[in-house]
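The structure appears right after this line, and notes come after that.
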Amino acid sequence: MTYQDLLGWGKQCLEEASIEDSALDAWYLLEYVSDMSRSQYFLKTRDTVDEKQQEEYEALIRRRQQRIPLQHLTNQAFFMGFEFYVNDQVLVPRQDTECLVEEVLKIARPGMKILDMCTGSGCILISLLKMQKGLTGTGAELSETALFVAHKNAEALEVDAKFVHSNLFEQISETYDIIVSNPPYIPTGVIRGLQPEVRDHEPFMALDGREDGLYFYEQIIAQGSKHLNPNGWMCFEIGYDQGEAVSRIFREHGYIKIQVLKDLAGLDRVVTAQIPDAWK
């Protein structure tokens with residue numbers, strides 16, 4: 001079988017399984033298996049595929065047909081221009097979350113301390129430390145298997161980040177200039193209607209925001225106040241319909257300068273707020 005034949009077979013298999021972006025996924029898996037760029041592929045379309053490569057590719061296509069996320073098959077996800085290791089113990093980093101990192105970078109200054117609550121793969125904290133020199137950061141996470149992934153990413157990207165196994169703030173004793181979080185925010189009843197890639201293959205505890213999706217915002221805002229330095233900031237990713245609710249929680253706890261910011265699709269995606277200098 002030639003590379004062209006193999007890619008065509010992969011596309012057809014994924015189309016038959018109703019995989020969104022089937023042609024793109026078929027190509028990414030071929031690129032992963034063969035380690036070829038697209039330009040190299042066009043020079044080799046009629047070349048015979050190595051038998052081992054063909055077997056590996058066919059196995060990956062079969063698994064993708066089962067709606068296993070592409071990133072879980074390759075253990076690769078790209079976020080803020082960096083490559084992260086991912087598996088089924090962490091959420092796959094998403095482009096929407098880059099909006100959160102970009103907003104934090106507008107606030108962050110050398111010398112500041114950052115806490116990334118519900119750090120998962122560590123992609124938010126690690127990206128911030130890579131992109132703004134002079135920051136120090138801690139990632140807190142309840143899942144020990146997710147913490148393993150975060151440690152692995154920090155080591156691979158040569159970032160000096162601290163990670164703590166903690167149920168929210170239980171093991172956090174320090175104060176910070178910025179607390180950032182992409183917490184679980186999907187209402188429990190909504191999860192069953194998500195795409196199979198998310199519903200069946202991403203960790204439930206990283207998705208489940210309890211009955212109304214607001215549980216973790218309420219807990220982090222309430223508990224996090226005593227872990228923020230004067231004039232410190234709290235920054236969240238939110239669901240498209242949660243801007244007003246999260247803003248209300250901030251107001252109820254005395255925060256100021258509350259902003260709801262939109263993503264590239266024009267949907268509410270980030271809420272930021274500051275704690276007053278004199279608040280105690």
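The values are calculated or read from the model by the stated rules, or taken from the named source; none is laboratory data. Predicted, not measured: the structure shown is a model, and the values here were computed from it. Ideal geometry is used to build each Cβ from the backbone, glycine not excepted, and the neighbour counts take in all protein chains shown.
Could you check the stretch 17-91 for helices (runs of 4 or more DSSP H) lying wholly inside it with 1 or more residues that are touching a residue at least 12 places away in the same chain (Cβ under 8 Å) and under 25 Å from Met205 (Cβ atoms)? So that I can check it myself, show each step before the final result.
On the way: elements: 22-34, 38-43, 51-65, 70-74.
Passing ranges, in order: 51-65, 70-74.
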Discussion item. Looking at the stretch 246-259, can you tell me whether even one residue there is of a type in the set (S, T, N, Q), modelled with pLDDT of 95 or more, assigned by TED's automatic domain parsing to the domain that holds Ile178 and within 20 Å of the chain's Cα centre (by Cα)?
Written reply: no
Fill in: Residues located in the stretch 162-193, provided they are over 30 Å from Pro230 (Cα atoms) and in contact (Cβ under 8 Å) with a residue 12 or more places away in the chain
Ile186, Pro187, Thr188, Gly189, Val190, Ile191
Worksheet item: What's the number of the condition Arg63 fails, among (1) out of contact with any Asp or Glu (no Cβ under 8 Å at 6 or more places or on another chain); (2) under 30 Å from Asp263 (Cα atoms); (3) of a type in the set (Lys, Arg)?
Response: (2)
Item to complete: Working only within the stretch 91-147, note down all residues that are surrounded by fewer than 22 Cβ atoms within 10 Å (Cβ to Cβ) and at positive phi.
Response: Gly111, Gly134
Fill in: Subset of the stretch 223-251 (residues that are surrounded by 14 or more Cβ atoms within 10 Å (Cβ to Cβ), closer than 28 Å to Ile191 by Cα and either of a type in the set (A, V, I, L, M) or free of Cβ contacts under 8 Å to residues at least 24 places away in the same chain (or both))
Met234, Ile238, Ala245, Val246, Ile249
Response to the item:
Only one of (1) closer than 30 Å to Val33 by Cβ; (2) in contact (Cβ under 8 Å) with a residue 60 or more places away in the chain does not apply to His151, and that is (2)
Discussion item. Test of understanding: among Gly193, Gly189, Gly254, which residue is exposed (fewer than 14 other Cβ atoms within 10 Å of the Cβ) and at positive phi?
Written reply: Gly254
Fill in: Output for the stretch 102-127, where each listed residue is under 25 Å from Gly209 (Cα atoms) and without any contact (Cβ under 8 Å) to a residue 60 or more places away in the chain
Glu102, Thr119, Ser121, Gly122, Cys123, Ile124, Leu125, Ile126, Ser127
